[in-house]
Amino acid sequence: MENGLVIQNSMMVLPHGIVEGDLRVTDGLIKTIAPQGGLQPRVGELVIDGTGLHLLPGAIDPHVHFRDPGHPEKEDLESGSRAAAAGGITSFLDMPNTLPNATNRTALEAKIASASKKAVTHHGFFIGATTNNVPDLQSVEGMDGVCGIKIFMGSSTGDLLVHEQKHLENIFANTGGIIATHAEDENRLQSRIPEFEHRTDIAAHAEYRDIECALLATKRASALAKDHDHRLHIVHLTSGAEADWLASNKGELITTEVCTQHLTFDQDDVEELGVRALMNPPIRYSEDKEKLWERLKDGTIDCIVTDHAPHTLQSKSIGFPKAPAGMPGVETSLPLMLTHAMDGKCTVSDVVRWMCAGPAKVYGIKNKGSLIEGFDADLTLVDLETSRTIQDSDTWTRVGWTPYAGRSLTGWPMYTIVDGKVVHSRVRNGELRGDIVATPGSAGRPLIFE
Ligand code: DOR
Ligand code: ZN
């Protein structure tokens, strides 16, 4: 363990408000939080001057696709984790549609072992459900580093798919923990192919994978959760209709999330960005975007995620409808949301609630997501006073592009700290891309889920 560190004079975003002061880290934990001038550095401690910066808990992105194993040209656990660190994300949860799919204990153990060599942040992994792998799902229950079961109810990238009622019932009846569902109705998707297969305009994507398609699956997954008394997390909510329905139907068993891009983009951005903005479920309409904001603010939506799903620009260049769906986002989500905060859409404390405390609560991640004495020292110091325009060449993701290219964003992390160790810094060279300070595998642990 390092000799500890003291961060002085920052604006600390604490659970009950923003306080200017000092924070001491000892043995990887937040030891003391004190008002300004309250902490004098001790011999051997690293001192970080937080003047003009906001200190946030490290953000948790509970929905990324890091492509490891299988597609290192798109991402792997090293490039994905360091992109996360650059964006102030200190923990990520990775999806199972890799190559091979992560559908059994051996694959999960391999991912965890690989992350221990490559990651610079904390990590957890979903196991993917298939039509016949309930014993595999059961075999990883309670395992450190395994966050839950992912079910693709509608087909998306990869071949994971479980949509028949008997298979879904079997999974909900015979597993524990959290089931996270990609809720799009496969039957509706299949039945509408003839109507849409001739369309090559990108607006067809949201018309084809429509709101009804998402709402049907969201209602179906919710009914399964209630019938089997099973925890359910519905990933990437996209429509006002689902958000409104969940507001009065989610109860105690069900939680949900929204992607940064569904809070930021609408039909006009899809028109402008083309295949860069192609994803499943689609970017929808301005009224959906506004309703998602409303339901985030009223607490219906529990947290914000990225669905970081990198595809190379070359693979995208085939154009719609053949281009693969998904966009990178793990390194821009926190600055993007902090930019929304500075634009008056929400507060900085809201962002912390939705991107730090929220995911920790949904997945039962202990001692993370808040600046509280005794919690893990996963921290990010962000600069809310400077705006910088991001370009593709600034990114750490291996695919080397961002749907936010050309946008001016504030809230860039100057330091990202994992267990009290600085893993990324933008201070030394002053460039937007900054430096990864930690070597692969030198920081981060498999997350423990309660
Ligand atoms: O757009 C998407 N891309 N949606 C998904 O469900 C999967 C993801 C990917 O892995 O590319
Ligand atoms: Zn996803």
> Is it the case that the range 362-371 has a residue that's in a helix (DSSP H, G or I) and buried (at least 19 other Cβ atoms within 10 Å of the Cβ)?
Replying inline: yes
>> With the requirement that a residue be charged (D, E, K, R) and surrounded by 18 or more Cβ atoms within 10 Å (Cβ to Cβ), what does the range 203-230 give you?
In response: R209, D210
> If only one of A243, A221, A214, A247 is more than 16 Å from ligand 2 (Cβ to nearest atom), in a helix (DSSP H, G or I) and closer than 23 Å to L189 by Cβ, which one is it?
Replying inline: A243
> Only one of these conditions is not met by E164: (1) of a type in the set (D, E, K, R); (2) more than 16 Å from ligand 2 (Cβ to nearest atom); (3) surrounded by 22 or more Cβ atoms within 10 Å (Cβ to Cβ). Which number is it?
Replying inline: (3)
>> Among the residues of the range 341-362, are any closer than 22 Å to G444 by Cβ and among the polar types (S, T, N, Q)?
In response: no
> When you scan the range 144-171, how many residues do you find that are over 21 Å from the mean Cα position of the chain (by Cα), hydrophobic (A, V, I, L, M, F, W, C) and within 16 Å of F126 (Cβ to Cβ)?
Replying inline: 3
> Out of curiosity, is S155 within 16 Å of ligand 1 (Cβ to nearest atom), surrounded by fewer than 21 Cβ atoms within 10 Å (Cβ to Cβ) and within 29 Å of T397 (Cα to Cα)?
Replying inline: yes
> Given the structure, is E207 of a type outside the set (A, V, I, L, M), in contact with a helix residue (DSSP H, G or I) (Cβ under 8 Å, 6 or more places away or on another chain) and part of a helix (DSSP H, G or I)?
Replying inline: yes
> Here are some conditions: (1) under 26 Å from R67 (Cα atoms); (2) out of contact with any Pro (no Cβ under 8 Å at 6 or more places or on another chain). L338 meets all but one. Which one does it not meet?
Replying inline: (1)
> Considering T332, T339, which residue is polar (S, T, N, Q), more than 16 Å from ligand 1 (Cβ to nearest atom) and touching a helix residue (DSSP H, G or I) at 6+ places or on another chain (Cβ under 8 Å)?
Replying inline: T332
> Here are some residues: G374, G430, G441. Which one is of a type outside the set (F, W, Y) and either assigned to a helix (DSSP H, G or I) or modelled with pLDDT under 95 (or both)?
Replying inline: G430
> Within the range 224-240, can you find the residues that are over 24 Å from Q267 (Cα atoms) and not in a strand (DSSP E or B)?
Replying inline: L224, A225, K226, D227, H228, D229, H230
> Do we find a residue being surrounded by 19 or more Cβ atoms within 10 Å (Cβ to Cβ), within 25 Å of T306 (Cβ to Cβ) and within 16 Å of ligand 2 (Cβ to nearest atom) anywhere in the range 193-202?
Replying inline: no
> Restricted to the range 45-84, and to residues that are touching a Gly at 6+ places or on another chain (Cβ under 8 Å) and assigned to a loop (DSSP other than H, G, I, E, B), which residue is nearest to ligand 1 (Cβ to nearest atom)?
Replying inline: H65
>> Quick check on this structure: which one of A102, A59 is surrounded by 24 or more Cβ atoms within 10 Å (Cβ to Cβ), free of Cβ contacts under 8 Å to residues at least 40 places away in the same chain and among the small types (G, A, S)?
In response: A102
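The values are calculated or read from the model by the stated rules, or taken from the named source; none is laboratory data. If you're wondering where the values come from, they're calculated on a predicted model, not measured in any experiment. When we count neighbours, we look across all protein chains shown, and the Cβ atoms used for this are built from the backbone with ideal geometry, even at glycine.
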